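Colleague: Let me begin by handing over the structure; questions about it come next.
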Amino acid sequence: MYKLYLFLPFVFGFAIAHVAAAQEKALTIYTYESFTAEWGPGPKVKEEFEKTCDCTVNFVSVADGVALLSRLKLEGEATDADLALGLDTNIAAEAKATGLFEEHRVDITAVDVPGGYRDDMFVPYDYGHFALVYDTEVLSAPPSSMKELVEGDPAQKIVIQDPRTSTPGLGFLLWVKSVYGDQAPDAWRKLRQRILTVTPGWSEAYGLLTKGEVPMVLSYTTSPAYHMVAEGTERYQAASFAEGHYIQIELVGLLKTSDSKELARQFLQFVTTPAFQNVIPTTNWMMPAAAMSEPLPEAFSRLVKPQKTFLMDPQQVADNRHAWIDEWLAAMSGQ
Amino acid sequence: MLTPQERRLGVAGGAIALAAVLAFMILALLALLAFPSAPAGGTIVTAYMWRILQFTLLQAALSTALSVLLAVPVALALARRPNFALRTWILRLMVLPMGLPVLVVALGLIAVWGRQGVANSLLMILGMDRPISIYGLGGILLAHVFFNFPLACRLAVAALDRLPGEYWKLAGSLGMGPVSVFRFLEWPAIARVLPGISSLVFMLCATSFTIVLVLGGGPAATTLEVAIYQSLRFDFDPPRAIALSLLQVAVTASVLGLLGLIGSADPTGSSSSAPSRRYDGTSLAARLWDALVVLLSVIFLLLPLAAIVVEGLQADLGRLLTSNAFVKAATSSAIIAVSSAVLALSVSTLLIRGRLAAIDSRRPGTVAVAYWRLLGASSLLVLLVPPVVLGTGWFLLLRPLGDVARFAPILIIAINALMALPFVMRVLEPTWEAHYARTTRLVASLGLRGFWKFWYVDRPILVKPAALALSFAMALSLGDLGAIALFGSNDLVTLPWLLYSRLSSYRTADADGLALILGMICLALTIAGTLHQTDRSRRAAD
């Protein structure tokens, strides 16, 4: 049942009234905050899906994909969520291990993501490759490979995110691991000279780039699309790395405690259709995970298209994350 | 002396406040402990953890020492010039850094002191090659000083202003030189509040998170707070988060205990509400010195704020201010800020009255003194339990009652009030002690009680520190992001949350604009909290 909570404030507390909305089917989707922002995909996705069903879509949003998983762990089987939208491949195994999800059982033949990720539990809805985004007004010759990045001029600084607190940070850690394997600690010790600082999240790092403090930060191959489409500038571009790029695939999953599974599965199917995918590129600034009915905006054709995609098996990530983060800490903070 | 009944009421009120504060924290910890989970984190005491702990304490100690050392000369200079035209504005400026989200201030500092900042650009014109690098311990200290030096200064000025005018008259007629004035008047007044200020600053720096990560330059610079956040938010390992939180409380508390910074000196002295006329510091050298230290500190404070203003003015402020999202967020923020400030003030009032009642006898017993200390220490140590731990614990506690989003505003108010408690205590307690010492006997002999005592005796003296405490608490709540992060739902958005959400979807210009607006709101609150003061100093000047 759908309840709308109004907060009636007075100075020393809040009185609560709830107004029950019209009695119709409702779908509760837990997601992250930027998905439901007024400029995010949420409002359009809601509108499009509600056209196809006699139902209401309610979003509940938390800070990010990791907070989403924590929230589900906290709530356990008592969760109100029918769907969780915004997990990614790096935390998929941990999400599975909670036992809170059930198989989607929808036809995902339409889904097409680099690396060919397929799963019975989660449906991919978009993806992006991690990339170093640089300021063309400062850097004319960005590194063309991970090797050049690691061994390049230490005076040319970069900013990355902390793998302990941020998903892009973890993604970069896995990227370096994919390229260097056991030699990763050595690579980190070299790269460390170039790292100006390590921020807690993506926003802080990107802020340092746009404020001109650092010429290159870890972000996505799709970041330049925002600047080209929304701001009309080509100033920020992604560096293409010869070894390939690590991919982040965003996922939506069905909670086994959902009381409207039929509707939820209808939504999962909807995710793979053009009605949903058309919305993604210019609202979530990620690549569509299935066919769109309209062409991608022109700016997307000018983005870096990685020749090779790295993606580790989610279980491998879950098993080794702690050890690899400890390895990273040692390499980055040792003498 | 209080009547036995008043004493009982005071002690009981303090006990109730203490119980409420402790219960709020302990219930959260217990809820987390009871949560069934498979610990994944491994051992707590590793070599890395040990290094984190050392770094946490080292940077906190250095930050505190620097903040306090810089605050003292500036506070002395400002206190010497009660009629200085810009004094009130400078004091208002000093509340401002606290009301801004940490990231906003960090970016402001980087605009001045960063690689491409104003300072380095100037030095490069002079032919030097980017001599200043703020990433590392230096940057952490710089940012902590930026936040805490004004706080320390503000509290020290208040302590100096409380010295009665007769002291200065006497010092003037005795012809005391600056050294004697410092030694016999100024230093004793500052020394009385210094332990309180230092312990507050120490704890704020020990639990620093964003500053340490953004300016620290890498994981070598990490605080325990980061590890706690990681264990709860990323690993979802409640037992580890609790173990680390307890470690943080225990270690920080013992360091403060060892340094003798918990529990302030005995209440003594008398009170005067307005800055008194000063007869010293008239020499040219003294004037120049005061002008110099005040000017330097104002420049230090203003430059990063100016960077925030410059960036903010480039945003489309009209559209931002009239947008629905902004109006909604500003309303939520205002309600939360006012409520949490009032709550913090109420709890502090109970704690302070409890403390005063406990030692209200010529020779307070050991139990009374212990109680006095307990009330003081617990109001301070609340800063050491991370909001993310409190939030998660209460989420679990309230979960069986239905949609937690309903309780989110109340929880955020409670957590913000708790965070503000040490500040409010620091502002309110010294004045209250002095006022109490001065008036108790008079009040008893006049037989004034209850409301009339409050109205005629307490209100005129306490209204100023109370207003200052409220503006501190509101600023703190306005800039806070931590408490809302877990509950953030579509129904409840605060200004810092809105700012972060713009930032996390490439909308940097909007975020800059919001930072400016947030700063302006904070300034307005501070002005409201210090209006009374302007009237008085004007009267003093007449």
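Colleague: One residue is enough: does segment A:91-109 have a residue meeting the conditions polar (S, T, N, Q), more than 19 Å from A:MET216 (Cα to Cα) and out of contact with any helix residue (DSSP H, G or I) (no Cβ under 8 Å at 6 or more places or on another chain)?
Modeller: yes
Colleague: Same structure again: Scan B:ALA315, B:ALA341 and give me the residue that is buried (at least 21 other Cβ atoms within 10 Å of the Cβ), assigned to a loop (DSSP other than H, G, I, E, B) and of a type in the set (A, V, I, L, M).
Modeller: Selected residue: B:ALA315, the only one of B:ALA315, B:ALA341 that is buried (at least 21 other Cβ atoms within 10 Å of the Cβ), assigned to a loop (DSSP other than H, G, I, E, B) and of a type in the set (A, V, I, L, M).
Colleague: Can you tell me which residue in segment A:198-232 is farthest from A:PHE310 (Cα to Cα), limited to those that are surrounded by fewer than 19 Cβ atoms within 10 Å (Cβ to Cβ) and more than 10 Å from chain B (Cβ to nearest Cβ)?
Modeller: Top of the filtered list is A:GLY232.
Colleague: Sort out which residues of segment A:164-197 are touching a helix residue (DSSP H, G or I) at 6+ places or on another chain (Cβ under 7 Å), facing chain B (nearest Cβ under 9 Å) and closer than 16 Å to A:SER333 by Cβ, and write them in order of number.
Modeller: Passing the criteria: A:ARG164, A:THR165, A:ARG192, A:THR197.
Colleague: Also: Among the residues of segment B:491-524, what is the count of those that are within 8 Å of another protein chain (Cβ to nearest Cβ), touching a residue at least 12 places away in the same chain (Cβ under 8 Å) and not in a helix (DSSP H, G or I)?
Modeller: Total satisfying the criteria: 2.
Colleague: Quick one: A:VAL57 ticks every box in (1) under 28 Å from A:PHE130 (Cβ atoms); (2) of a type in the set (A, V, I, L, M); (3) at pLDDT 90 or above bar one, so which box is it?
Modeller: A:VAL57 satisfies every listed condition except (1).
Colleague: How many residues are more than 13 Å from B:LEU301 (Cβ to Cβ) and in a helix (DSSP H, G or I) when one looks only at segment B:79-98?
Modeller: Adding up the residues that qualify gives 4.
Colleague: Here is a follow-up. Given (1) part of a helix (DSSP H, G or I); (2) in contact (Cβ under 8 Å) with a residue 24 or more places away in the chain, identify the lone condition not met by B:LEU292.
Modeller: (2)
Colleague: What number of residues in segment B:122-148 are hydrophobic (A, V, I, L, M, F, W, C) and more than 23 Å from A:THR197 (Cβ to Cβ)?
Modeller: Adding up the residues that qualify gives 2.
Colleague: Okay, moving on. Any idea how many residues of segment B:320-352 are of a type in the set (Ser, Thr, Tyr), more than 10 Å from chain A (Cβ to nearest Cβ), out of contact with any Ser or Thr (no Cβ under 6 Å at 6 or more places or on another chain) and under 20 Å from B:ALA511 (Cα atoms)?
Modeller: Residues flagged as of a type in the set (Ser, Thr, Tyr), more than 10 Å from chain A (Cβ to nearest Cβ), out of contact with any Ser or Thr (no Cβ under 6 Å at 6 or more places or on another chain) and under 20 Å from B:ALA511 (Cα atoms) within segment B:320-352 amount to 1.
Colleague: Same structure again: Of the conditions (1) away from chain A (no Cβ under 14 Å); (2) more than 24 Å from B:MET25 (Cβ to Cβ); (3) touching a helix residue (DSSP H, G or I) at 6+ places or on another chain (Cβ under 7 Å); (4) modelled with pLDDT of 85 or more, B:LEU174 fails just one. Which one is it?
Modeller: Among (1) away from chain A (no Cβ under 14 Å); (2) more than 24 Å from B:MET25 (Cβ to Cβ); (3) touching a helix residue (DSSP H, G or I) at 6+ places or on another chain (Cβ under 7 Å); (4) modelled with pLDDT of 85 or more, the lone unmet condition for B:LEU174 is (3).
Colleague: Given the criteria surrounded by fewer than 20 Cβ atoms within 10 Å (Cβ to Cβ) and in contact (Cβ under 8 Å) with a residue 60 or more places away in the chain, does A:GLN248 qualify?
Modeller: The answer is no for A:GLN248.
Colleague: Among (1) closer than 30 Å to B:LEU244 by Cβ; (2) outside any helix (DSSP H, G or I), there is one condition B:ARG399 misses while meeting the rest; what is its number?
Modeller: (2)
Colleague: Okay, moving on. Among the residues of segment B:114-131, is there at least one that is buried (at least 24 other Cβ atoms within 10 Å of the Cβ) and more than 13 Å from chain A (Cβ to nearest Cβ)?
Modeller: no
Colleague: Moving to a separate point now. Of everything in segment A:39-69, what is surrounded by fewer than 21 Cβ atoms within 10 Å (Cβ to Cβ) and either closer than 14 Å to A:GLY253 by Cβ or among the polar types (S, T, N, Q) (or both)? Give them in sequence order.
Modeller: A:THR52, A:THR56, A:ASN58
Colleague: Would you confirm, using the coordinates I've provided, whether B:SER348 is among the hydroxyl-bearing types (Ser, Thr, Tyr) and buried (at least 18 other Cβ atoms within 10 Å of the Cβ)?
Modeller: yes
Colleague: Something else now. Looking at (1) farther than 20 Å from A:ILE29 by Cα; (2) in contact with an Asp or Glu (Cβ under 7 Å, 6 or more places away or on another chain), which is the only condition A:GLU103 fails?
Modeller: Of (1) farther than 20 Å from A:ILE29 by Cα; (2) in contact with an Asp or Glu (Cβ under 7 Å, 6 or more places away or on another chain), only one is false for A:GLU103: (1).
Colleague: May I pose another question? Being within 20 Å of B:ALA344 (Cβ to Cβ) and surrounded by 24 or more Cβ atoms within 10 Å (Cβ to Cβ): is that true of B:ILE410 here?
Modeller: So B:ILE410 fails the test.
Colleague: Still on this model: Taking the stated definitions as given, is B:ASN120 in a helix (DSSP H, G or I) and at pLDDT 90 or above?
Modeller: When the stated conditions are applied, B:ASN120 does not pass them.
Colleague: Taking only segment B:63-113 into account, find how many residues are within 14 Å of chain A (Cβ to nearest Cβ) and within 26 Å of B:ALA420 (Cα to Cα).
Modeller: Summing the residues that are within 14 Å of chain A (Cβ to nearest Cβ) and within 26 Å of B:ALA420 (Cα to Cα) in segment B:63-113 gives 9.
Colleague: Is it true that some residue in segment B:482-490 is modelled with pLDDT of 80 or more, touching a Ser or Thr at 6+ places or on another chain (Cβ under 6 Å), of a type outside the set (S, T, N, Q) and part of a helix (DSSP H, G or I)?
Modeller: Within segment B:482-490, none of the residues are modelled with pLDDT of 80 or more, touching a Ser or Thr at 6+ places or on another chain (Cβ under 6 Å), of a type outside the set (S, T, N, Q) and part of a helix (DSSP H, G or I).
Colleague: Okay, next question. Could you tell me which residue of segment B:193-230 is farthest from the other protein chains (Cβ to nearest Cβ), considering only residues that are modelled with pLDDT of 85 or more and under 20 Å from B:PHE35 (Cα atoms)?
Modeller: B:ILE228
The values are calculated or read from the model by the stated rules, or taken from the named source; none is laboratory data. Owing to the predicted nature of the structure, the values given are computational and were not obtained by experimental measurement. Glycine gets a Cβ as well: all are built from the backbone with ideal geometry, and neighbour counts include every protein chain shown.
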